[in-house]
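Readers should treat all values here as calculations from the given coordinates under stated rules, not as data from a laboratory. What you are looking at is a predicted structure, and each value in this text was computed from that prediction instead of being measured. Cβ placement follows ideal geometry from the backbone for every residue including glycine, while neighbour counts extend to all protein chains displayed.
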Amino acid sequence: VTAPGLYLHVPFCSRICPYCDFAVRTARPERRERFVEWLLREIELNRGKLLGADTVYFGGGTPSSLAPGQLARILEAIQTHLAVVEGAWIFLEVNPEDVSVEALRAWRGLGVRTLSLGVQSFEDRVLAFLGRRHEREQARRSVRLAREAGFHTVSADLIYGLPGQSPAEWRGDLEEAMRLAPDHISCYQLTVHHGTHFGRQKARGRLQEMSEDQQAELFDFTHRFLAEAGYPGYEASNFARSAEHQSRHNRKYWDHTPYLGLGPSAHSFADNHRWWNCRQLETWEEKLDAGEPPVEASETLGPGELGLETLMLGFRTYAGVDLSRFRVRFGFDLLETSASLVERFKDEGLLFLEGDRLKPTIAGLAIADRLAVSFDLAPLTLSAARS
Ligand code: SF4
């Protein structure tokens, strides 16, 4: 049995980026301290649930907006109440402007093993467009210092597919990343969400998203370039120098391992059941104040939904879908029920069979969801209707 994962959402940033769709806000130190007090309360309220996590992910938001002492109190509480295993793999997302030799030493002292740096770009023009506070030099310095500090894995997040971005510009960012040699790279395509500053700009015709074709071209280029440079992809947005640097925490999301998410907007999953916390910080606090779980809603996934998710998540990873596991879990053979579809996708260069796995090509990875919904999952829907 795989141990569960634990996610902790820190909802603060020093400035809100124009494309950000997360539950975040700016806050003064007193506000952040109050949040820590409430988070400790939520941890206590979950005492005994999903015990023994072996990965702990501080995400957000900007977890480096909390002081090391506050992070230490949170870590102590999760050990006491949730029996997080000794030596659990701790991930910390940080922004380049928060990186200093002292901060790195403190994070190392807390047991952080993967430090994930929100670099986004090494181009000042792009950083300004994305509304980031740091500049190219700070981004470079943060990766260098983090590597010298001796973390097991230093990861750099980059964003691509910006309006008007040429392949040469994006290539420049990747080449700069290669020179700094992090252990892991995440490359996310810019998505313009409603309700964000970019979303409003787009509605007014002031921002034009990159076309789907251009996005697809850059996606393909990214995967090939990084593989050649020694960073093979293992998921649509994630690349690692070697398997030991791949994210142990995210893997739990991709294969339906149980995980507990705490903090505003955090999601949890266990036993075919998914639930998520109130997004608003105040609502989350009010519920906790009333001694209630700060959960906004929950859903129980039937076999049809679980089967579809298994395909969607599987086709987003290089490992693809494990066909024997699928057979054992859902009681039918995907290759038998969707034989002609699999043949068609193979002919179109989207999927291929390797041993007992149905794997996506790079072109398949880019449209994982579209592939997944094409499969015939009728046997599952029928079994759900009967139960
Ligand atoms: S740093 Fe990340 S979480 Fe914070 S506002 Fe920017 S995109 Fe959102």
How much length is gained if the chain between Thr337 and Glu30 is pulled fully straight, taking 0.36 nm per residue apart and subtracting their Cα-Cα distance, in nm to one decimal? 104.7 nm
Can you tell me, using C-alpha contacts under 8 Å and at least 6 residues apart, the relative contact order of the chain as a whole percent? 15 percent
Would you work out which of Leu358, Pro29, His193 lies farthest towards the positive end of the dipole of the chain? Charges go on Cβ: Lys and Arg +1, Asp and Glu -1. Pro29
Give me a comma-separated list of calculated 3J(HN,Hα) values for the stretch 359-376, in order, Karplus coefficients 6.51, -1.76, 1.60 applied at θ = phi - 60°, integers in Hz, x for any Gly or Pro. 10, x, 7, 4, 5, x, 4, 5, 10, 3, 5, 5, 5, 4, 6, 7, 6, 8
Could you give the size of the charge dipole of the chain about its Cα centre, using +1 on the Cβ of each K and R and -1 on the Cβ of each D and E, expressed in debye and rounded to the nearest 20? 640 debye
Taking H placed 1.01 Å from N in the peptide plane, check which residues at least 5 places from Thr55 or on another chain put their amide H under 5 Å from its amide H. Leu6, Trp89
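Within the chain, which complete DSSP H helices have Cα atoms spanning at least 30 Å along the helix axis and a mean Kyte-Doolittle hydropathy of -0.5 or higher?
none
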Sort by residue number and report every cysteine in the chain with no other cysteine beta carbon within a distance under 4.7 Å. Cys13, Cys187, Cys278
Which value, in debye to the nearest 20, gives the size of the charge dipole of the stretch 168-290 about its Cα centre, when Lys and Arg are +1 and Asp and Glu are -1 at the Cβ? 240 debye
Once amide H atoms are placed 1.01 Å from N in the peptide plane, what residues at a sequence separation of 5 or more from Tyr188, or on another chain, have their amide H within under 5 Å of its amide H? Leu158, Ile159, Tyr160
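For the stretch 1-124, give the magnitude of the charge dipole about the Cα centre (Cβ charges: +1 Lys/Arg, -1 Asp/Glu; no others), in debye to the nearest 20.
320 debye
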Cut-off 10 angstrom, C-alpha nodes, Gaussian network model of the chain. Which of Asp54, Asp322, Asp183 fluctuates the most? Asp322
Considering amide H positions built from the backbone, and no H for Pro or chain starts, which residues 5 or more places from Val24, or on another chain, come under 5 Å of its amide H? none
Quick calc of log₁₀ I(q)/I(0), the chain, Debye, one scatterer on every Cα, no solvent, q values 0.12, 0.14 1/Å, result -1.04, -1.40
Give me the log10 of I(q) over I(0) for the stretch 32-162 at q = 0.10, 0.22 Å⁻¹, as the Debye formula computes it from C-alpha points; what are the numbers? -0.35, -1.26
Which order do the peptides 347-359, 156-168 come out in when sorted by mean C-beta neighbours inside 10 angstrom, highest first? 156-168, 347-359
Reach of Lys346 by Cα under 30 Å, taken over lysines that are not fewer than 8 positions away in the same chain: Lys252, Lys359
